[in-house]
Ligand code: HEC
């Protein structure tokens, strides 16, 4: 009986350990993908200056068009001003920015749902 318990504890530890490793790999993959797809125009850390696009610190749940001091296009504000950036809105935005806000200054299409998911995970993990 005692040795069965011990074995169960060990199995539990091994499983938790693997889970930790898998998660760490996903995080670095999503961070790399976001840096390479978005980093040319956006910054991600608090108080970093805007690039061609607005700083994206704390993006999820923040209202669209609310980065202080960033001059959003009229096309963007007409369609999105004040809408909270939910997971769903961000997914639709990344799939086709021009379908969400025709004429927006950001043109980006990502057909691969797996890549969109990794990019969204980056914003979830970097609050
Ligand atoms: C070529 C430059 C460029 C690239 C690359 C780019 N963006 Fe943008 N992004 C912009 C610009 C410019 C705006 C402002 C749009 C406007 O005012 O019409 C913007 C706006 C945004 C907004 C609205 C933010 C807010 O404050 O409401 C989000 C979200 C966003 N981008 C996410 C991303 C993500 C995620 C990526 C990478 C997959 C990305 N962008 C890649 C230029 C870019």
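No value in this document is a laboratory result; all are computed from the given coordinates. What you see is a predicted model, and the numbers here were worked out from it, not measured in a lab.
Please report, to one decimal in angstroms, the Kirkwood hydrodynamic radius of region 28-125 built from all distinct Cα-Cα pairs. Walk me through the numbers on the way to the answer.
On the way: mean 1/r = 0.0739 Å⁻¹.
It is 13.5 Å.
Can you tell me how region 56-108 classifies by the Cα gyration tensor, rounded, prolate or oblate, using a/c under 1.5 as the rounded cut? The partial results should precede the final answer.
Numbers: a/c = 1.69, a/b = 1.07, b/c = 1.57.
In terms of gyration-tensor shape, oblate.
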